[in-house]
Amino acid sequence: MGVLGRRRGCGPVPTRRERKLRLKGALLMDLETPEEMQARSLGRPIKSSKQYLRQVIAEYEALDRELPCIRKFPTPPAAQPLCLCMETLPEEDFTHLEVLQALEAQLPGAMESGRVSSIRFENMNVICGTAGRRNRWLIAVTDFQTRSRLLRSGLSPRGLAHQIVRHDDLLLGDYRLHLRRSLVRRRMLQALGAEPNEEA
């Protein structure tokens, strides 16, 4: 006769607690997704789909609060090395004539001599559908010497000093924000099971 509580050749009989734990483990394994099972087999930490979804949505909402109005780009912006920019507050409603006069103060005969080819106003609040954002005056020059001079001097329409910066630098910053938001949006759609598409 074998020893009480043992089966011959089968090892000790599992207790009721051990049987419950084994059953619970089997049920948890059945509820795992293929991705979670793969992560478990590779020894990676497992994060439930609901927890991941909450994290992605929270990240998207935080980005919306931090940067509510981001300029969208259908394609990467092309380089414009001879385009300069003067950013102005919305309440600084300068006219083209005032900006031209400020240019003439730094570069007499700027337009007539051909050193400045165009002056264009860009309403960033209309482009981004927001309010209170700085607008941009784009100044196209024809040579790097003129560009360097304006970058150093800046402009002072109505006697108000404004820095001149390279438009490419501003566009690159805008484009990076666009890519950042697009990435978070794509992750959120994938977590929701939707098909990612181009942002309108």
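Observations on the model:
- Members of the stretch 71-109 that are free of Cβ contacts under 8 Å to residues at least 12 places away in the same chain, within 25 Å of residue 143 (Cβ to Cβ) and open to solvent by 70 Å² or more (accessible area, probe 1.4 Å): 78, 97, 108
- Every residue from the stretch 136-173 that is under 26 Å from residue 76 (Cα atoms) and assigned to a loop (DSSP other than H, G, I, E, B): 142, 143, 163
- Residue check for residue 140: under 19 Å from residue 123 (Cβ atoms), modelled with pLDDT of 95 or more, out of contact with any Lys or Arg (no Cβ under 7 Å at 6 or more places or on another chain) and among the small types (Gly, Ala, Ser): yes
- Of all residues in the stretch 120-137 being open to solvent by 60 Å² or more (accessible area, probe 1.4 Å) and β-branched (Val, Ile, Thr), the one that is farthest from residue 95 (Cα to Cα): 127
- Of the residues making up the stretch 110-119, those that are among the small types (Gly, Ala, Ser) and open to solvent by 60 Å² or more (accessible area, probe 1.4 Å) number 2.
- Look at (1) at pLDDT below 85; (2) among the acidic types (Asp, Glu); (3) closer than 18 Å to residue 165 by Cα and you find that residue 61 fails only one, number (3).
- Any hit, the stretch 91-105, residues being of a type outside the set (A, V, I, L, M) and under 29 Å from residue 183 (Cα atoms): no
The values are calculated or read from the model by the stated rules, or taken from the named source; none is laboratory data. Quick caveat, the model's predicted, so the values are computed rather than measured. In this analysis, Cβ positions are derived from the backbone assuming ideal geometry, glycine residues included, and neighbour counts consider all displayed protein chains. Surface accessibility is based on the protein's heavy atoms, side chains included, excluding ligands, DNA and RNA. Shrake-Rupley method; radii C 1.70, N 1.55, O 1.52, S 1.80 Å.
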